[in-house]
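Heads up, the thing below is written out as structure tokens.
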Amino acid sequence: MTEREIADRQKDIINFTELGNFINEPLRTYSSGMVMRLAFAIAIHADPETFLIDEALSVGDGRFQQKCMRRIKEFRQQGGSIIFVSHDLNAVKMICDRVIVLE
């Protein structure tokens, strides 16, 4: 994203993360779940054509995971493509139309 795009979307990104006042803390103080929230929020608000998700939903609380799943479904309905890597078979069933299983 350009600096302008980031500035225009910053409020939406921060609101999506639900990090509240922690958003102003140094990144090194974030838990893995907090980092995942921020990373997912930035990525999904970048309006990608293709979204690669690799176990990103394995951290964080259930309510936030459901929020992410809703956003992923919206992204797909708008014509976006997703490459989803996961061990969570239920998540794969919810998100994917086609699957490749690797052993």
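The values are calculated or read from the model by the stated rules, or taken from the named source; none is laboratory data. What you see is a predicted model, and the numbers here were worked out from it, not measured in a lab. Positions of Cβ are generated from backbone atoms using ideal geometry, with glycine treated the same way; all protein chains shown enter the neighbour counts. With ligands, DNA and RNA removed, areas are computed over all heavy atoms of the protein, side chains included. Shrake-Rupley method; radii C 1.70, N 1.55, O 1.52, S 1.80 Å.
Descriptive notes on the structure:
- Against the chain, whose longest principal axis comes from its Cα atoms, helix 62-77 is set at around 70 degrees.
- Electrostatic bookkeeping for F64 treats Lys and Arg as +1 and Asp and Glu as -1; over the other residues with beta carbon under 13 Å from its beta carbon, the sum is +3.
- Computed [θ] at 222 nm, helices only, for the chain once each DSSP H run of length n ≥ 4 contributes -39500 (n - 2.57): -15500 deg cm²/dmol
- Working from the Cα coordinates of the stretch 1-43, the gyration tensor eigenvalues give, after taking √(5λ), semi-axes of 18, 10, 10 Å in decreasing order.
- Rolling a 1.4 angstrom probe over the protein heavy atoms with all chains in place gives the chain an accessible area of 72 Å² per residue.
- Ellipsoid semi-axes in whole angstrom, largest first, where each is sqrt(5λ) of the Cα gyration tensor of the chain: 24, 17, 11
- Degrees, to the nearest 10: 32-44 long Cα axis against longest axis of the chain: 80 degrees
- Of G33, M94, F84, farthest towards positive along the dipole that unit charges on Lys, Arg, Asp, Glu beta carbons give the chain: M94
- The aspartates and glutamates within cross-link reach of K73, meaning a Cα-to-Cα straight distance under 15 Å and a gap of 8 or more places when in the same chain, are D47, E49, D97.
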